[in-house]
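Remarks on the structure that follows.
The values are calculated or read from the model by the stated rules, or taken from the named source; none is laboratory data. Everything numeric in this text was worked out from a predicted model, so none of it was measured. Here the Cβ is made from the backbone with ideal geometry for all residues, glycine too, and neighbour counts use every protein chain on show. The area values use the complete protein model at the heavy-atom level, side chains included, leaving out ligands, DNA and RNA. Shrake-Rupley method; radii C 1.70, N 1.55, O 1.52, S 1.80 Å.
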Protein chains: 2
Amino acid sequence: MTKISDVAEKTGYSITTISRAINDHPYVSDKTKKKIFDAMKELDYYPNNVAQQLRGKGTKLIGVIISFVTNPFFTYLVDAIEKAAYQVGYQIVILQTLEEPEREKRFIEMLKKRQLDGLIMTSLDDDSPEVLKLIEAGKIVVCNRYLGEQNIPLIHVDEKKATYEATYYLLSKGHRKIGYVTGNRGSMLAVDPRFKGYVQALKEFGIEPNSDCVFPRRLTISDGKSTLTDVLALGEERPDALLVISDEVASGILSQCHLLNIEVPETLAIIGFDDQPIAEALYPGLTTVKQPIKEMGEYVAALIIANIEHRKQPEMPELNTKLIIRGTA
Amino acid sequence: MTKISDVAEKTGYSITTISRAINDHPYVSDKTKKKIFDAMKELDYYPNNVAQQLRGKGTKLIGVIISFVTNPFFTYLVDAIEKAAYQVGYQIVILQTLEEPEREKRFIEMLKKRQLDGLIMTSLDDDSPEVLKLIEAGKIVVCNRYLGEQNIPLIHVDEKKATYEATYYLLSKGHRKIGYVTGNRGSMLAVDPRFKGYVQALKEFGIEPNSDCVFPRRLTISDGKSTLTDVLALGEERPDALLVISDEVASGILSQCHLLNIEVPETLAIIGFDDQPIAEALYPGLTTVKQPIKEMGEYVAALIIANIEHRKQPEMPELNTKLIIRGTA
DNA sequence: CTGAAAGCGCTTACAG
DNA sequence: CTGAAAGCGCTTACAG
């Protein structure tokens with residue numbers, strides 16, 4: 001690999017001058033610069049970024065910790081982060097936890113070892129003092145969801161409001177038995193803002209939430225299919241509407257409705273969450289809660305980069321969800 | 001930030017010994033090691049990876065160039081690559097071109113500047129001599145698709161066979177007017193192996209391909225919806241089956257069929273491509289060509305890492321597609 | 001088993 | 001405007 005001394009040798013200038021030309025230092029004449037650039041081109045020389053990093057420039061790499069790359073929600077978030085970061089010279093390292101704590105640990109180590117300039121975490125398992133310190137130092141930004149106790153800053157949308165509005169919509173359409181389908185464990189419900197929004201709307205209509213109508217741990221399309229079976233097993237008591245915290249699970253339910261000739265939305269209304277592309281492709285189109293993923297991604301990228309470069313933090317935009325009404329409710 | 005000299009100072013050992021303890025060198029006694037590790041823990045010390053890199057260890061970073069992160073096909077490929085790479089200590093930098101050549105250029109520069117140990121490219125725009133040199137050197141591995149002229153090694157499935165089989169299936173079901181829906185530009189058809197497989201099957205049944213039934217540049221769900229309109233506009237001549245080189249586009253077509261009460265597969269049969277999760281969620285389930293994405297990702301990861309570490313290349317597995325028959329054909 | 005010193009490839013304060 | 005030299009934080013050949 002060619003290095004800076006090769007360029008110095010070839011041009012007759014000192015290493016110092018080559019470095020100054022590369023870094024566009026004013027004290028190098030244009031003629032000198034041109035000669036140097038020509039030589040660099042000829043030698044196919046590129047500065048070794050690792051050496052530059054050791055001299056204080058960062059890695060220009062931001063890690064983004066997500067649970068699964070194959071989850072479209074994260075994919076759209078990463079897309080927004082990547083575009084914003086690219087503009088200012090940063091790239092994204094994709095870090096999926098697969099919900100394994102050792103993976104999260106290793107990713108945080110990457111930050112400590114300075115492989116990464118900063119870290120965006122969409123989930124947080126390890127809230128040890130060291131991690132908290134990194135959050136305080138601005139090296140880690142937590143975004144989207146965190147169901148823990150600690151009082152840490154979190155960039156997120158108002159999820160409670162989102163489900164409140166969706167549930168309210170169903171209620172206003174006359175539904176009274178509304179089920180709740182979530183990917184979370186049942187034990188998490190107590191601290192889940194989405195569940196709280198659902199409960200609040202029900203209570204405003206004088207309805208006590210029925211735990212038989214809550215379906216936890218539903219994550220995939222085929223979970224959705226089996227959820228319909230569970231719903232039907234409730235007989236007379238079964239819900240006439242479902243708030244489903246995942247478009248994918250909702251799509252599984254809808255598909256099964258077709259198979260069993262259950263009319264949507266007449267017999268069963270369905271609202272999804274996220275407004276993934278699939279929502280538009282289904283028939284009937286899936287009514288769903290659109291998250292401001294793009295805005296959130298852009299903001300969180302701007303925030304971590306401001307932290308890395310010790311600049312003043314940008315102002316948080318309003319992160320509003322929106323109920324997109326299509327055919328299923 | 002704590003550095004190795006801080007650990008040396010605290011323990012009273014030399015920097016050399018600390019380094020040796022970190023790198024598990026045999027000439028350090030276990031008692032010494034323990035003392036050193038305790039001090040490291042106490043100081044929350046992590047070796048600066050950048051300095052280590054400069055001493056010859058790579059960045060342990062592999063770039064993966066894809067067109068769009070939001071495309072599920074790439075998402076599944078990245079997932080497979082990530083998992084295989086993680087096992088052996090590498091991480092993935094996600095590099096989306098958005099089909100802009102400057103982006104591709106910048107990503108290749110990252111490799112030249114040694115920000116990346118290797119590069120997996122799922123598309124290749126710039127086949128300049130320098131890039132070819134990097135491919136020959138094993139620093140770049142090209143995977144999936146390349147519609148260029150150059151004779152470069154490419155890891156890929158037998159796409160011609162895949163579309164041949166899908167088309168053959170439609171023909172054997174009695175369809176004779178089979179349309180072809182692709183994301184490529186029409187001008188690319190001549191070098192597109194997928195199109196060749198389609199044409200070959202038709203010819204075996206004595207059918208001349210009809211250019212009216214070829215729909216290029218269809219990339220999105222809403223492209224799919226408008227494609228049905230284009231199909232219907234053909235009147236008597238319209239196809240009774242469609243081979244669609246994208247599950248997403250196929251889902252758009254199917255959704256529009258529901259809207260216009262066109263029976264699938266009776267009036268119009270549809271075959272997609274990729275077997276994305278959406279295929280299973282649609283009604284009827286989408287018959288589609290499943291690609292061996294996992295196998296391809298694992299192999300390409302193993303290959304680039306073998307190159308990086310100057311080890312012998314693993315053997316290429318068979319990369320077979322499979323027609324998944326569901327309800328649309 | 002241990003340490004002083006050279007060196008990885010750059011940047012930059014200092015001196016000219 | 002230019003260059004010799006120090007130094008970023010490590011690893012390792014060399015000497016003991």
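Key figures
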read-out: Debye log10 I(q)/I(0) for the range A:4-54, one point scatterer per Cα, at q = 0.16, 0.31 Å⁻¹; value: -0.40, -1.32
read-out: A:T2 accessible area, assembled protein chains, probe 1.4 Å, Å²; value: 40 Å²
read-out: Theoretical FRET efficiency, 1/(1+(r/R0)^6), r = Cβ-Cβ of B:D24 and B:K133, R0 35 Å, to 0.05; value: 0.45
read-out: Peptide-level mean, for B:212-224, of C-beta atoms on other protein chains within 10 Å; value: 1
read-out: Euclidean distance between Cα centres, the range A:1-66 to the range B:278-329, Å; value: 41 Å
read-out: The range B:88-166-the range A:92-166 distance, computed between alpha-carbon centres (Å); value: 32 Å
read-out: Radius 15 Å from Cβ of B:S29, net charge of other residues (Lys, Arg +1; Asp, Glu -1); value: +2
read-out: Prolate/oblate/rounded call for the protein assembly as shown, Cα gyration tensor, a/c under 1.5 rounded; value: oblate
read-out: Estimated distance in nm for a label pair at A:K322 and A:R176, the labels positioned 7 Å out from Cα along Cα-to-Cβ; value: 3.4 nm
read-out: The range A:159-290 shape via C-alpha gyration tensor axes, a/c threshold 1.5; value: rounded
read-out: Stretch gain in nm, segment A:I207-A:E9, where the contour uses 0.36 nm per residue and the Cα spacing is subtracted; value: 63.1 nm
read-out: Heavy-atom surface of the protein assembly as shown, accessible at 1.4 Å and reported per residue (Å²); value: 46 Å²
read-out: Rounded to 5, the percent of DSSP beta bridges in the protein assembly as shown classed as antiparallel; value: 15 percent
read-out: With every protein chain in place, the protein assembly as shown: carbon and sulfur % of accessible area (1.4 Å); value: 49 percent
read-out: Summed buried accessible surface, chains A and B, 1.4 Å probe, nearest 100 Å²; value: 5300 Å²
read-out: A:L323 accessible area, assembled protein chains, probe 1.4 Å, Å²; value: 40 Å²
read-out: Kyte-Doolittle mean at least -1.0, axial Cα span of 15 Å or more - DSSP H helices of chain A; value: A:72-87, A:159-172, A:193-204, A:221-232, A:247-259, A:293-308
read-out: Solvent-accessible surface (1.4 angstrom probe) belonging to B:M110, in square angstrom, nearest 10; value: 10 Å²
read-out: Listed pairs B:K83/B:K139; A:K60/B:K10; A:K294/B:K160; A:K3/A:K57; B:K112/B:K312; A:K41/A:K139 exceeding 29 Å between Cα atoms; value: A:K60/B:K10; A:K294/B:K160; A:K41/A:K139
read-out: Among A:261-272, A:62-73, the order from most to least packed when residues are scored by Cβ within 10 Å on average; value: A:62-73, A:261-272
read-out: Fluctuation leader among A:T287, A:T16, A:T59 - chain A, Gaussian network, Cα springs under 10 angstrom; value: A:T16
